[in-house]
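Working notes for the structure below.
The values are calculated or read from the model by the stated rules, or taken from the named source; none is laboratory data. Fair warning: this is a prediction, and the values are worked out from it, not measured in the lab. Virtual Cβ from ideal backbone geometry, glycine too; neighbours counted across all protein chains shown. In case anyone asks, the SASA skips ligands and DNA or RNA and just uses the protein heavy atoms, side chains included. Shrake-Rupley method; radii C 1.70, N 1.55, O 1.52, S 1.80 Å.
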Amino acid sequence: MNWFITDDGDCQSLEFQSWDPYRPYRLYRFLTELEDILDEITSDRQRLEAIAPRVCEFLETATWLDSAYVPPDAQRGWSVSKLYTEQDYPLTVQLVSWKPGAKSTIHNHATWGLVAMLSGCERNHFWRRTEGDAIEKVGDRIVCEGEMITFSPGAIHSIEALGDEPTISFNLYGETDFPKRFKFDAIAQTAEHF
């Protein structure tokens, strides 16, 4: 199942048309088509609906991703492998790995995002702002290998890696609006720039 998380933490089904490229779907073509989608579509949800089938196809044909994986850092509990970076390119494209039991801070991304699980399962906890910097938990969803979760820019979540093996995900984000990116403390009811 594939999901879209709203700014209020509402977890909705993400539906999209399957898509079949005409030839091998290489990274350069994938990135160029994503840039074209960003130019043509302004709604974050509609962008994600257009991008999701391309991510599925790319992941199906990108067997080289196995060699790009970096095991989770023992101290932090996670690691990031950037798959592509270029000055002024409007996307972050990366693999993220979490060691079993690792947990993230409660945070937003201040941009739309897509996480496709390559192995393992993660529990996403969803939160929403109530008053000022206060937040409340509104739900959760387990996302496993072969599934995808997407986020609106104001969606607030935290991640917990499940199982006995590291989780690995393909993460794709738009341009971050850093003044709007926060990590939250649910007990102190505070938010600070992240």
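Structure values in brief
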{"item": "Carbon + sulfur, % of accessible area of the chain - ligands and nucleic acids excluded, 1.4 Å", "result": "46"}
{"item": "Unit charges at the beta carbon, dipole of the chain: most positive-side option, A74, W112, W64", "result": "A74"}
{"item": "The chain - Cys residues lacking any other Cys C-beta under 4.7 Å", "result": "C11, C56"}
{"item": "Proximal lysines to K137, defined as alpha-carbon separation beneath 19 angstrom and excluding residues fewer than eight positions away on the same chain", "result": "K103, K183"}
{"item": "Heavy-atom SASA rank of K82, K99, K137 (probe 1.4 Å, accessible area, largest first)", "result": "K82, K137, K99"}
{"item": "Label point at Q189 placed 7 Å out along Cα→Cβ; residues across segment 120-144 whose backbone nitrogen lies under 16 Å", "result": "128-138"}
{"item": "Accessible-area value, R26, 1.4 Å probe, nucleic acids and ligands omitted, Å²", "result": "130"}
{"item": "Whole-number D in µm² s⁻¹ for the chain, Kirkwood Cα-pair radius fed into Stokes-Einstein, 25 °C, 0.890 mPa s", "result": "143"}
{"item": "222 nm mean residue ellipticity, helices alone, for the chain (DSSP H n ≥ 4; -39,500 (n - 2.57); rounded to 500)", "result": "-6000 deg cm²/dmol"}
{"item": "P(r) of segment 99-177 over all Cα-Cα pairs, binned every 10 Å from zero, in whole percent", "result": "19, 50, 27, 4"}
